[in-house]
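The values are calculated or read from the model by the stated rules, or taken from the named source; none is laboratory data. All figures in this text were calculated on a predicted structure; none of them were measured in a lab. As a convention, Cβ positions derive from the backbone with ideal geometry for all residues, glycine included, and neighbour counts pool all protein chains shown.
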Amino acid sequence: MFGLPVSLGVAAPLHGIAMHGEPALPADYKHFSYVNPDVKKGGRIAYGVVGTFDSLNPFILKSMRTTARGMWDPEFGNLVYESLMVRSRDEAFSMYGLLAESVEWDDDRSFIEFHLNPRARWADGQPVTPEDVIFSFELLRDKGRAPFSTRLNVVEKLEKTGERSVRFTFNDKSDREAPLLIAFSPILPKHAIDPETFDRSSVALPLGSGPYKVKAVKPGERIVYERDPNYWGKDIPSKVGFDNYDEISVEYFLQDNSLFEAFKKGVIDVYQEGNPTKWTRNYDFPAVRSGTVIKDAVDSQLPPVMFGFVFNTRRPIFQNAELRKALSLAFDFQWVNRTLFENAYTRTESFWQNSELSALNVPLDAREREIIGAAADRIDPAVADGTFRFPVTNGSGRDRKVLRQAMDHFVKAGYSIKEGRMVDASGKPLAFEIMTQNADQEKLALAYQRFLAALGVRVSLRTVDDSQYQSRSQTFDYDVIMKAFLSSLSPGLEQVRRWGTDARDRQGSENFAGVADPDIDRVMAAILAARTAEDFRSAVRLQDRMLLSGNYIVPLYHLGQQWIARHKHIGRPEMTPLWGFQLPAWWDERAQ
């Protein structure tokens with residue numbers, strides 16, 4: 001017997017769950033829509049990454065900057081470790097059974113109970129048990145890194161409820177997203193892990209329940225995975241069409257140029273491209289001309305990454321909202337796009353652009369007004385009525401009409417130009433530093449420096465190495481920094497980490513702008529509490545309006561497509577899902 005009776009608000013065991021509404025696939029689904037269920041398995045693939053690693057444990061603090069790719073990896077697949085449920089990449093936020101064959105929860109999401117698949121096994125043949133689940137969450141709480149270490153913060157009780165069942169009962173800190181976050185947390189083998197040494201760097205070969213085992217390791221240079229022929233889950237619906245190679249290698253490179261050259265030579269099989277100039281100019285090598293290398297491009301169906309200059313409002317000068325507005329208007333996107341990128345980019349003007357979650361073209365609705373109350377007056381009128389757009393310049397880098405708009409806001413902020421310098425009411429010049437991480441960021445910062453110089457604002461640049469960048473980012477030791485914020489169709493707890501008051505002074509948090517605003521906190525709480533798709537959509541749109549009106553970021557640009565090049569022996573399904581290319585569903589055409 002499963003859980004509580006339906007009459008008490010608990011549904012019968014479910015094959016899948018969704019953040020809002022119901023999962024799209026029925027209980028008798030055979031496979032995800034974006035895989036080839038009849039694929040011939042075999043062959044191999046070589047992935048390439050820039051970086052290094054000194055540990056095969058991806059769940060501890062010591063692995064944050066040195067990553068063993070493929071162990072627990074949203075891009076290459078979770079090859080070794082698995083979660084209780086797996087996300088469909090063709091839905092906004094729906095999950096289906098993996099280690100757990102079914103699940104129960106109530107309407108209030110006060111608990112979630114997982115029923116493990118009786119076939120689920122570790123690679124050594126031992127069964128996956130409720131004790132493994134409990135051990136995993138407690139170990140990661142005590143020895144893991146965020147976000148794994150914080151998952152139990154919202155759990156009042158974690159208990160075994162049957163031979164193959166485990167229940168999480170939530171406390172008053174929980175929200176409606178919490179059960180889904182629990183569902184795709186990693187599960188580790190209790191019998192194969194020593195808690196005392198778990199948080200130490202190690203290249204010892206791990207034991208998981210996933211489709212692959214680690215075959216060979218060369219620290220910092222290469223990891224080779226081999227398919228487990230006895231993998232327990234190869235025939236369950238959520239795994240059909242995945243894990244198609246007999247061998248997967250991940251090759252590490254010190255620079256992207258070296259990685260690209262390795263791809264051209266056939267050492268690496270796929271290469272994801274994000275540089276429009278390279279995509280246009282650098283793919284004229286012999287393998288492309290002969291058809292040995294294929295260039296694939298698909299239109300993105302997801303909100304773009306929000307990439308831009310972030311003002312650190314912990315600094316006194318950036319606590320002035322009018323000043324942030326003035327500085328935002330001074331960036332000449334048209335000049336940058338034409339001069340640096342051959343007009344390949346689109347200006348980003350919303351945190352959820354190209355989706356129904358965006359505030360663009362949509363006026364403030366009744367649900368939003370109910371959430372925000374009197375603070376609606378803080379929203380920029382153009383943002384409130386959906387007409388907001390950044391001004392389009394003449395592309396000269398010194399468009400006087402746009403610079404006058406920026407100057408109006410400098411004046412409102414209490415600044416003026418004297419003797420060619422932008423100064424405040426006391427005569428102190430406006431000057432700040434932009435910290436950059438690499439040459440590409442430096443190129444953009446130099447352009448911004450040039451635009452602001454026309455208004456008498458002095459900007460200095462500092463490009464630092466990876467170690468300094470990580471340290472200064474985590475301690476908020478910068479005036480302005482360049483950051484990219486991944487967007488999704490199911491925003492949730494990551495918004496609190498990025499913009500929440502509690503994250504403002506917590507070193508290592510993602511609140512790079514230093515936002516501490518009770519009105520924004522209230523909006524994020526509404527996102528997490530939304531029970532219907534309509535309420536969720538309104539709350540996210542309101543978050544979009546609050547962030548745009550706050551001018552915490554100078555939004556830059558995005559591509560309208562996803563680009564990837566592959567050697568022709570690597571095949572892929574005809575359908576590309578909502579989330580874009582899914583490498584774990586690709587295969588080797590040479591498989592026999």
Item to check | Yes/no for residue 566 being modelled with pLDDT of 95 or more and closer than 17 Å to residue 271 by Cβ | outcome: yes
Item to check | Unique residue being more than 28 Å from residue 532 (Cβ to Cβ), aliphatic (A, V, I, L, M) and in contact with a strand residue (DSSP E or B) (Cβ under 8 Å, 6 or more places away or on another chain) when the list is 305, 310 | outcome: 310
Item to check | Meets criteria (at pLDDT below 95, assigned by TED's automatic domain parsing to the domain that holds residue 497 and out of contact with any Phe, Trp or Tyr (no Cβ under 9 Å at 6 or more places or on another chain)) for residue 537 | outcome: no
Next on the checklist: Cβ contacts < 9 Å: first residue within 10 Å of residue 130 (Cα to Cα) and touching a residue at least 40 places away in the same chain (Cβ under 8 Å), restricted to the range 150-166; second residue of a type in the set (D, E, K, R) and not in a strand (DSSP E or B), any location; separation 6+ or different chain. Result?
Outcome noted: 166/131
Next on the checklist: What are the pairs with Cβ atoms under 6 angstrom where one residue, in the range 457-474, is assigned by TED's automatic domain parsing to the domain that holds residue 511 and the other, located anywhere, is assigned to a helix (DSSP H, G or I)? Sequence gap at least six, or different chains.
Outcome noted: 459/449; 459/452; 461/445; 463/442
Item to check | Selection count where residues are of a type outside the set (Val, Ile, Thr), out of contact with any Phe, Trp or Tyr (no Cβ under 6 Å at 6 or more places or on another chain) and either free of Cβ contacts under 8 Å to residues at least 60 places away in the same chain or under 26 Å from residue 343 (Cβ atoms) (or both), scope the range 409-425 | outcome: 6
Next on the checklist: If the requirement is being at pLDDT 95 or above, more than 28 Å from residue 182 (Cβ to Cβ), surrounded by fewer than 18 Cβ atoms within 10 Å (Cβ to Cβ) and charged (D, E, K, R), which of these qualifies: 522, 458?
Outcome noted: 458
Next on the checklist: Are there strands (runs of 3 or more DSSP E) fully within the range 43-124 with at least 2 residues that are assigned by TED's automatic domain parsing to the domain that holds residue 233 and surrounded by 19 or more Cβ atoms within 10 Å (Cβ to Cβ)? List them.
Outcome noted: 44-50
Checklist entry - With respect to residue 150, is the statement that it is in contact with an Asp or Glu (Cβ under 6 Å, 6 or more places away or on another chain) and among the hydroxyl-bearing types (Ser, Thr, Tyr) true? => result no
Next on the checklist: Anything in the range 276-288 that is in contact (Cβ under 8 Å) with a residue 40 or more places away in the chain, of a type outside the set (Ser, Thr, Tyr) and under 29 Å from residue 437 (Cα atoms)? List them, or say none.
Outcome noted: 276, 279
Next on the checklist: Among the residues of the range 129-139, are any assigned to a loop (DSSP other than H, G, I, E, B), of a type in the set (Gly, Ala, Ser) and crowded, with 16+ Cβ neighbours inside 10 Å?
Outcome noted: no
Next on the checklist: Going through 504, 497, 545, 590 one at a time, which residue ends up being surrounded by fewer than 21 Cβ atoms within 10 Å (Cβ to Cβ), within 23 Å of residue 368 (Cβ to Cβ) and not aliphatic (A, V, I, L, M)?
Outcome noted: 497
Next on the checklist: Among the residues of the range 344-352, are any without any contact (Cβ under 8 Å) to a residue 24 or more places away in the chain, touching a helix residue (DSSP H, G or I) at 6+ places or on another chain (Cβ under 6 Å), of a type outside the set (D, E, K, R) and within 26 Å of residue 436 (Cβ to Cβ)?
Outcome noted: no
Checklist outcome for this item: So, first residue farther than 21 Å from residue 340 by Cα in the range 381-407, second residue among the hydroxyl-bearing types (Ser, Thr, Tyr) and modelled with pLDDT under 95, Cβ within less than 6 Å, six or more apart or across chains; the pairs are none
Checklist outcome for this item: Counting only residues that are of a type outside the set (A, V, I, L, M, F, W, C) and surrounded by 19 or more Cβ atoms within 10 Å (Cβ to Cβ), the range 24-35 contains a total of 1
Checklist entry - What are the residues in the range 262-286 that are more than 27 Å from the chain's Cα centre (by Cα) and within 26 Å of residue 560 (Cα to Cα), if any? => result 264, 281, 282, 283, 284, 285
Checklist entry - Scanning for something among the acidic types (Asp, Glu) and crowded, with 17+ Cβ neighbours inside 10 Å, does the range 477-485 turn up at least one residue? => result yes
Checklist outcome for this item: Contact list, first residue from the range 442-456 and among the acidic types (Asp, Glu), second anywhere and modelled with pLDDT of 95 or more, beta-carbon distance below 8 Å, six or more apart or interchain, is 442/436; 442/461
Next on the checklist: Let me confirm something: among 205, 181, which residue is surrounded by fewer than 19 Cβ atoms within 10 Å (Cβ to Cβ) and in contact with a Pro (Cβ under 9 Å, 6 or more places away or on another chain)?
Outcome noted: 181
Next on the checklist: Given the criteria modelled with pLDDT of 95 or more, surrounded by 15 or more Cβ atoms within 10 Å (Cβ to Cβ) and within 30 Å of residue 536 (Cα to Cα), does residue 371 qualify?
Outcome noted: yes
Item to check | Residue match in the range 240-263 (condition: small (Gly, Ala, Ser), out of contact with any Asp or Glu (no Cβ under 7 Å at 6 or more places or on another chain) and more than 20 Å from residue 69 (Cα to Cα)) | outcome: yes
Item to check | Test: residue 188 is among the hydrophobic types (A, V, I, L, M, F, W, C), more than 13 Å from residue 139 (Cα to Cα) and not assigned by TED's automatic domain parsing to the domain that holds residue 72 | outcome: no
Checklist outcome for this item: Expected single match for buried (at least 19 other Cβ atoms within 10 Å of the Cβ), touching a residue at least 40 places away in the same chain (Cβ under 8 Å) and of a type in the set (Gly, Ala, Ser) among 291, 308 is 308
Next on the checklist: Among (1) of a type in the set (A, V, I, L, M); (2) farther than 20 Å from residue 376 by Cβ; (3) at pLDDT 95 or above, there is one condition residue 559 misses while meeting the rest; what is its number?
Outcome noted: (3)
